[in-house]
Amino acid sequence: MMTNLFSSFDPMSSSLNMQLNWMSMFLFIIVFYPLYWISTSKSSILYTELTSYITKEFMPLFKSYKNIIFFNVLFMFILINNVFGLMPYTFTSTAHIAMTLSMALTVWIIFMLYGWVNNTNHMFAHLVPLGTPVVLMPFMVLIESISNIIRPITLSVRLAANLTAGHLLLILLGESMVNSSMVIIITVTFAQLALMTLEAAVAVIQAYVFATLSTLYASEV
């Protein structure tokens with residue numbers, strides 16, 4: 001039995017005296033590598049189907065397909081890390097706030113720099129909604145500024161918290177089977193299978209939500 005409930009999320013655990021947990025992020029490259037030399041591989045077919053769907057979703061917000069490529073790659077990166085994190089004894093990098101906050105801050109800073117440098121008047125106008133009374137304008141500027149600043153925090157916490165909650169629940173259910181009767185073991189096993197199905201859906205949904213919100217934030221600048 002684990003001495004610490006969060007030990008499965010410990011990025012400092014080692015194998016063969018080597019810290020390899022964060023190397024799981026590079027599974028994205030391993031999965032995508034066959035795309036460059038096998039034209040009809042299963043991964044290339046799946047990638048084509050997913051990107052075509054994501055492109056249809058994001059196209060109304062952008063004028064060019066080139067602007068959507070980044071968000072397609074971002075979606076696939078998060079999705080692959082989320083899915084691989086469902087495997088037993090696998091480190092999930094996207095379940096850590098350090099990983100998700102780094103991604104969210106990077107994307108947010110890029111959008112902010114681009115917007116304030118190239119569309120300064122539009123960014124100032126965005127701080128005051130149309131039709132706001134003059135008396136309320138200072139308060140609206142403050143509220144809009146705060147809501148804009150906390151965007152990377154909400155993006156990162158939403159992704160990390162949803163993944164962590166499901167994994168912790170699976171761990172708690174697994175711990176409940178220790179020294180239990182056969183009826184409890186069978187019941188908990190079926191509950192874990194149902195929860196794993198839910199976690200698979202959460203892995204896809206959270207990747208889609210992260211990419212979609214990033215797209216919406218980008219379309220504003």
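Coordinate-derived values only; no laboratory data. Quantities reported herein were computed from a predicted structural model and do not represent experimental measurements. Reconstructed Cβ throughout: ideal geometry from the backbone, glycine too, with neighbour counts over all protein chains shown.
What is region 159-212 by shape, rounded, prolate or oblate, if you read a ≥ b ≥ c off the alpha carbon gyration tensor as root eigenvalues and call it rounded for a/c under 1.5, prolate for a/b larger than b/c, and oblate otherwise?
oblate
What list of ³J(HN,Hα) values in whole Hz, one per residue of region 130-139 in order, does the Karplus curve 6.51 cos²θ - 1.76 cosθ + 1.60 (θ = phi - 60°) give from phi, with Gly and Pro shown as x?
Values per residue, Gly and Pro as x: 5, x, 6, x, 4, 5, 8, 4, x, 5 Hz.
Length gain on complete extension for the stretch Ala194 to Ile146, per 0.36 nm per residue less the alpha carbon to alpha carbon distance?
The Ala194-Ile146 span can extend by a further 13.4 nm.
Taking the Cα centre of each part, how many Å lie between region 176-221 and region 125-154?
35
Place the peptides 93-103, 187-197 in order of packing, highest mean first, counting for every residue the other Cβ atoms within 10 Å and averaging per peptide.
Most protected by this proxy first, the peptides run 93-103, 187-197.
Whole-Å semi-axes of region 125-208's equivalent ellipsoid, largest first, each the root of 5 times a Cα gyration tensor eigenvalue?
So the three semi-axes of region 125-208 are 47, 12, 10 Å.
Provide the gained length on full extension for the span Met23 to Ile171, in nm with one decimal, where the gain is 0.36 nm per separating residue minus the Cα-Cα distance.
So the extension gain works out to 51.0 nm.
Rounded, prolate or oblate: which fits region 45-166 when a ≥ b ≥ c are the square roots of the eigenvalues of the alpha-carbon gyration tensor, with rounded for a/c under 1.5 and prolate only if a/b beats b/c?
It is oblate, given that a/c is not under 1.5 and a/b is not larger than b/c.
Just in region 43-130: which chymotrypsin sites (Phe, Trp or Tyr not before Pro) are loop by DSSP and have at most 10 other Cβ atoms within 10 Å?
Tyr89
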